[in-house]
Amino acid sequence: MTPATTVEHAGELRLEDVGLDYDGVPVVRDVSLTVPAGGVLAVLGPSGSGKSTLLRGIAGLEPLTEGRVLLDGRDLAGVPTHRRGCALMFQDGQLFAHLTVAQNVGYPLKVRRAPADEVRRRVAELLDLVGLSSYDDRLPATLSGGERQRVALARALAADPKALLLDEPLSALDATLRARLAEDLRGILSDAGTTTVLVTHEQEEAFAVADTMAVMRAGRVVQHGSVAEVWRAPVDAETALFLGYASVLTGDAAGSVLAAAGLATGGDVAVRRSALRAGGEGPLSGVVVAARSAAEQLRLLVDVTGVGRIEAVAPLGSHLGPGDVVRLAVDATRLATLAPS
Amino acid sequence: MRSRAEGARLLTLLGLAALPLVVLGVFFVLPVSGMLARGLWPDGSLDLAGVVEVFGRPRVHRVLWFTLWSAGLGTLLSVLLGLPVAHLLYRRRFPGRGALRAALLVPFVLPTVVVGVAFRRLLATGGPLGGLGLDGSAAAIVAALVFFNVAVVVRAVGSTWESLDPRPAEAAAALGASPRQVLWTVTLPALRPAVVSAASVVFLFCATAFGVVLTLGGLRYSTVETEIYLLTTNLLDLQAAAALALLQLVVVVALLLVTQRLRRTADPAREHRVGHAPQLGRRDLPAVLVSLVPLALVVVPLAGLVVGSVRVEGEWSLAAYRALTRPTAVLPATVQDALVTSLRTAVDATWMSLLLGLLVAAVVTRRSRSRAERRTRALLDGLFMLPLGVSAVMVGFGFLITLDRPPLDLRDSPLLVPIAQALVALPLVVRTLAPALGGIDDRQRQAAASLGAPPWRVALTVDLPVVWRPLLAAAGFAFAVSLGEFGATSFLVREDHPTLPVVIYRLLGRPGDLNAEMALAASVVLAATTAVVMLAVERLRVRSLGAW
Amino acid sequence: MSHPRPRRTGLLLAVAALALASCSLTAESDGPSAPATSGEAAGGPVVLVTHESFALPKKLIRAFEAATGYTHEVRANGDAGTLTNKLVLTQGSPTGDVAFGVDNTFASRALDADVFDPADVALPPGAEAYALPEGGDRLLPIDSGSVCVNIDTTWFRSHHVTPPATLADLTEPAYRDLFVTPGAPTSSPGMAFLLTTIAAEGDSWPDYWSALMANGTRITSGWSDAYFVDFTQGGGDGTRPIVLSYDSSPAFTVKNGRSTTKALLDTCFQQVEYAGVLAGAANPAGARAFLDFLLSPEVQAALPESMYVFPVRDGVELPADWARFAKRPTSPYSLDPAEVDAHRDEWLTTWQDVTTR
């Protein structure tokens, strides 16, 4: 038993060699992660990667088959869900349909037998925080998806959790709402200062909200680091593609692009769509295959000499079309070098 | 380590199931085993040849065949006629809806002797429906089975239907499905677990009904249950009785296996919400027309009952009611005393069956994490259905021979009757609660737990608001089962305080001025009490949005 | 859009229901199983095991308790057959001290199973006539009554039909579709009527039943069904003026000083009900005291009004209507209880074959 060194580890969530099974089948293996007090960790992975199971393991909803979870330096083994201080927020909020918004948010406070006036004050505060001040008496059925998620977040925060666990909090929402709520979420979390684990399959959500990021695949963490680090140097091609890189080049094609960017050759390279820029000078040349206007720029598919067909961008108004010969510049900050596969 | 976690879950499972299991063990398994042992080991040694001989009797084949087809037909008709009624009473609003819901449950509480007399007075040659020639026919038996059991279908399916998410049906309609297509492709599949549950219970009730078969069949028809009754109470042929009881067990187990397969749904975590029931309209005409059949089936004999109680010597009179309030040598207790005794027993039986039923329903509906766990749950689920499917005579006599010595010297316990009734009501309670509990998204419970709610609080927050209405429906069933003196309890010893059904039996036992009229009047009192209690329950159901 | 406010009514009512439930449990315990003064000598409970038709005026029971110091408890249900079989099944571990209600068709089954101990109680004058040929020391006669074919005399008068008088008459075409009787397997009087025909017709009784069935006899499952539904004097819309009932029944159909029904005294089977001390009784002394009580003039006089049966004791005055209308057969049919027990199964099977052919 580890002594509860609460001062040293206050607010810290630590996973050590965690493994979980479902009906005898391993789902999560060897996960070791640490989230410092107030930190926001995004666990990013495709569906079926075990990320949600991991979150449920932290919450105590699934038994660990290996390893341990420590919160505030205290091993949570044998601690039931309701005593862990980990508030879990589900993808669809899971509001209590028969309770009003205020009753939902006040629920964890009432569970702790907080005095009525404190409940009222805190509920008002939290509804204010999530921007739903006048919604007290509404029933969940009358709310929009985004509003429900805000209420769910306020309710989770009302539990005053040591760790906040968010299971795909924004993925049920439409794209614009998601972008806006992601911004809000970041603000709310940093204001609340709560240690948070966020599980998602959307890299945008992870980038927008988290400070550190763990990429999971097939039950294992394949990469872990600050958001910027992971972003800059994906550990392999699959991770790179999952993180939103448009393509991964190998061999001579990789060499050509790396050389054009002025980087050392010899490895594979992950390329974002905006890494190749046409409409000016540049070391590479190619023939436009297709062109399409997007909001801020022209999106091209270019057959580049020595590389092959690859996506590129050009400024709006450059009037490029299929058959045009273009020069391409390469932006080194939009490339990621990978260890050769 | 993995197996330890799994073991812990199984242990919790059995912990929750412990109380119901002990009750079932002591008050059902033990007595029935006792009777089976007496029959199968007549002289201390197992005599299987005798059992085989019983199975070979042509009479047994005939009886088994009649039991299966009459119960099957009774079940089918109860379901077919019950569904439109459930639709009208739980998905539509109209004046008098609550009264109708309550009236449907009345047959359930009437002692079979009275139902027999009420039905036969209608059907006998000189009766209003004598021209139909149904007296003593198999059709009369099936009609009576439907009379008793249509309420089970209406209540069990209705309470699920009431809380069914209306949006999939709306979506289907928006996709161009006609109301009938919506019914077939969306609504009925969603109701399937409830329908299968209700049907299995009804089948067991039909297959083990004996008073009604004896009375209406006029001895031309026998079921396995009436055979066991005769063999045990008259001929004392325990070997043949045990053989037939084994046969019942086989049928019940087979039925449970089939229903468990049929009840499985692709999407157990369906969102339940109470839609606003629209007013009854013209489009409901077909449902209304179909519903008239079961409603008439219930209302006409009841009306006959009421009329019979106020017709004395060809004139209208309340003499029978007045006579019921005065103690005489013939009347073992005044109607008011008997009613109090009945109600007291019924209250006990009700809370016992609700307590046990909630535990069992909670156990069988929780998500399983492993195959072993799933099997254990399915097994428990089936186990608690057994009291419905096994002869009440076996249980009643079994009490006498097994619960006679410490630590289980319970033959004279005043709690024996309510406990036995609670066990009979238990499958109904579980079948009513399980679909609702099973429909709860487990993540609701997890959300509550992660917000700091301990398990009891989770149950109050998440389960109770959903289960509240079905719980009241189940309470109605349990209450009715107890008031009607079902099954084993009619073979149990009684205290000096007779219940209302006992008074009725006594009155119908001998000739006498007013005896028949008084028995009918006492039945009307029983029926009216039931209706009032059910109406009160209906009122509760309307205001069931409790905040916890 | 409306936002209904949740209510607490449900909670309150649930609490109220629970409170009611707990009341009920406590209320249950103050029943008759009240304090037993230490089971010795006179005192303590004496438990009577009987059938559902048992009834005696409360006043008499209280007098018994006052005189003997015992408290009286009853465990009553089922009919004579159910009672007998329960006693047989619980032989050696009885549910009471004294049993009442085993009749002469079931007596030998109970005696063979050693259910009863010798009673050691003297019979009152007149009761010997009803004593069992064997086992008379263990089972004491308490009451008797006869199962007889009854007719609606008003019906026969208004239809200008000569009423039947004998068993043989019932198979005559004149009485086609007029007779209703409860069946032997499900009804004690029904069984008694089967025994009547066996006693009367001997081995050819199945032929008699074939003739009865061919003459449109209706069989119901229970007596109440036959009497209250099918019989023309049963209060309903019955169409059959001949019914199987009891010799005492005419005393209950009195209108304007005349009975509208009559028992055919040549069609009767005598039933005698017995009582005895149960082997293994916790309170055998109390059981004997209760037997004395059952045979006392007071109880014997109360039997007709309470249980519709005649006393076995001589010199007991009958109620006025009984004395006038309840005529008793002078030579009812009877069968040896041992023979009944030996052939019951076989007779019932044959009966079922004949009647459901």
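The values are calculated or read from the model by the stated rules, or taken from the named source; none is laboratory data. Keep in mind that this is a model prediction, so the values were computed, not measured. Cβ atoms come from the backbone with ideal geometry, glycine included; neighbour counts cover every protein chain shown.
A few comments on the model shown:
- Qualifying residue in the range A:57-79 (condition: surrounded by 21 or more Cβ atoms within 10 Å (Cβ to Cβ), of a type in the set (S, T, N, Q) and within 14 Å of chain B (Cβ to nearest Cβ)): yes
- Within the range B:306-333, being crowded, with 16+ Cβ neighbours inside 10 Å and modelled with pLDDT of 85 or more holds for B:VAL306, B:SER309, B:VAL310, B:ALA319, B:ALA320, B:TYR321, B:ALA323, B:LEU324.
- Test for B:THR215: is it under 14 Å from B:ALA138 (Cα atoms) and in contact with an Asp or Glu (Cβ under 7 Å, 6 or more places away or on another chain): yes
- So B:ARG494, is it basic (Lys, Arg), assigned to a helix (DSSP H, G or I) and modelled with pLDDT under 85: no
Yes/no per residue for (1) at pLDDT below 75; (2) within 12 Å of another protein chain (Cβ to nearest Cβ):
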| position | (1), (2) |
| --- | --- |
| B:VAL106 | no, no |
| B:VAL109 | yes, no |
| B:ASP135 | no, yes |
| B:ALA139 | no, no |
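- In the range B:514-526, the condition of being under 25 Å from the mean Cα position of the chain (by Cα), at pLDDT below 85 and of a type in the set (Val, Ile, Thr) is met by no residue.
- Unique match (being surrounded by fewer than 21 Cβ atoms within 10 Å (Cβ to Cβ) and modelled with pLDDT of 90 or more) among C:THR84, C:THR162: C:THR162
- Scanning the range B:330-345 for residues that are assigned to a helix (DSSP H, G or I), facing chain C (nearest Cβ under 9 Å) and in contact with a helix residue (DSSP H, G or I) (Cβ under 7 Å, 6 or more places away or on another chain) returns B:ARG344, B:THR345.
- Residue in the range A:112-122 that is surrounded by fewer than 23 Cβ atoms within 10 Å (Cβ to Cβ) and facing chain B (nearest Cβ under 10 Å) present: yes
- Considering the range B:527-546, and only residues there that are among the β-branched types (Val, Ile, Thr) and at pLDDT below 85, the residue that is surrounded by the most Cβ atoms within 10 Å (Cβ to Cβ) turns out to be B:THR530.
Let's see how each residue does on (1) buried (at least 23 other Cβ atoms within 10 Å of the Cβ); (2) within 14 Å of chain A (Cβ to nearest Cβ); (3) without any contact (Cβ under 8 Å) to a residue 60 or more places away in the chain:
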| site | (1), (2), (3) |
| --- | --- |
| B:GLY382 | no, no, no |
| B:PHE399 | yes, no, no |
| B:ARG405 | no, no, yes |
| B:ILE440 | no, yes, no |
| B:ARG445 | no, yes, yes |
| B:TRP456 | no, yes, yes |
| B:ALA475 | yes, no, no |
| B:SER482 | yes, no, no |
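- C:GLN300 buried (at least 20 other Cβ atoms within 10 Å of the Cβ), at pLDDT 95 or above and outside any loop (DSSP other than H, G, I, E, B): yes
To keep it simple, each residue is scored yes or no on (1) assigned to a strand (DSSP E or B); (2) within 9 Å of chain B (Cβ to nearest Cβ).
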position: C:ILE198; (1), (2): no, no
position: C:TRP205; (1), (2): no, no
position: C:ALA211; (1), (2): no, no
position: C:ILE219; (1), (2): yes, yes
position: C:VAL229; (1), (2): no, yes
position: C:GLY235; (1), (2): no, yes
position: C:LYS262; (1), (2): yes, no
position: C:LEU265; (1), (2): no, no
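- Considering the range B:1-62, the qualifying helices (runs of 4 or more DSSP H), each wholly inside and each with 2 or more residues that are more than 14 Å from every other protein chain (Cβ to nearest Cβ) and either at pLDDT below 90 or more than 30 Å from the chain's Cα centre (by Cα) (or both), run over B:2-24, B:48-56.
- Some residue of the range C:337-348 being touching a residue at least 24 places away in the same chain (Cβ under 8 Å) and outside any helix (DSSP H, G or I): no
- Residue that is farthest from the other protein chains (Cβ to nearest Cβ) [pool: residues in the range C:66-92 that are out of contact with any helix residue (DSSP H, G or I) (no Cβ under 8 Å at 6 or more places or on another chain) and either basic (Lys, Arg) or assigned to a helix (DSSP H, G or I) (or both)]: C:ALA67
- Against the test of being among the aliphatic types (A, V, I, L, M), over 22 Å from C:ASP266 (Cβ atoms) and either touching a Ser or Thr at 6+ places or on another chain (Cβ under 6 Å) or assigned by TED's automatic domain parsing to the domain that holds C:LEU48 (or both), the options C:LEU295, C:LEU348 yield a single qualifying residue, C:LEU295.
- Filtering the range A:171-189 for residues that are assigned to a loop (DSSP other than H, G, I, E, B), surrounded by fewer than 23 Cβ atoms within 10 Å (Cβ to Cβ) and touching a residue at least 40 places away in the same chain (Cβ under 8 Å) leaves a non-empty set.
- Residue within the range B:91-98 that is assigned to a loop (DSSP other than H, G, I, E, B), among the small types (Gly, Ala, Ser) and over 24 Å from B:ALA140 (Cα atoms) present: yes
- As a summary of the residue check, C:GLY92 satisfies the conditions (1) touching a Leu at 6+ places or on another chain (Cβ under 9 Å); (2) at pLDDT below 90; (3) among the small types (Gly, Ala, Ser) except for the one numbered (1).
Residues are listed down the side, and each one gets a yes or a no for (1) touching a helix residue (DSSP H, G or I) at 6+ places or on another chain (Cβ under 6 Å); (2) surrounded by fewer than 24 Cβ atoms within 10 Å (Cβ to Cβ):
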| residue | (1), (2) |
| --- | --- |
| B:GLY96 | no, yes |
| B:ARG101 | yes, no |
| B:LEU104 | yes, no |
| B:VAL109 | yes, no |
| B:GLY116 | yes, no |
| B:ARG121 | yes, no |
| B:GLY126 | no, yes |
| B:LEU132 | no, yes |
| B:ASP135 | yes, yes |
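- Hey, C:GLU172 more than 26 Å from the chain's Cα centre (by Cα), in contact (Cβ under 8 Å) with a residue 40 or more places away in the chain and over 21 Å from C:VAL229 (Cα atoms) or not: yes
Here is a yes/no grid of residues against (1) within 12 Å of another protein chain (Cβ to nearest Cβ); (2) within 23 Å of the chain's Cα centre (by Cα); (3) within 27 Å of A:GLU12 (Cα to Cα):
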{"position": "A:MET89", "(1), (2), (3)": "yes, yes, yes"}
{"position": "A:ALA102", "(1), (2), (3)": "yes, no, no"}
{"position": "A:ASP160", "(1), (2), (3)": "yes, yes, yes"}
{"position": "A:LEU173", "(1), (2), (3)": "no, yes, no"}
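- Helices (runs of 4 or more DSSP H) contained in the range B:157-259 and holding at least 2 residues within 22 Å of B:LEU77 (Cα to Cα) and either touching a residue at least 60 places away in the same chain (Cβ under 8 Å) or in contact with a Ser or Thr (Cβ under 9 Å, 6 or more places away or on another chain) (or both): B:188-208, B:211-217, B:224-230
- Between C:ALA63, C:ALA119, the distinction of being away from chain B (no Cβ under 14 Å), assigned to a helix (DSSP H, G or I) and at pLDDT 90 or above belongs to C:ALA63 only.
- Just one of the listed residues (C:ASP143, C:ASP177, C:ASP137, C:ASP152) is without any contact (Cβ under 8 Å) to a residue 24 or more places away in the chain and not basic (Lys, Arg), namely C:ASP137.
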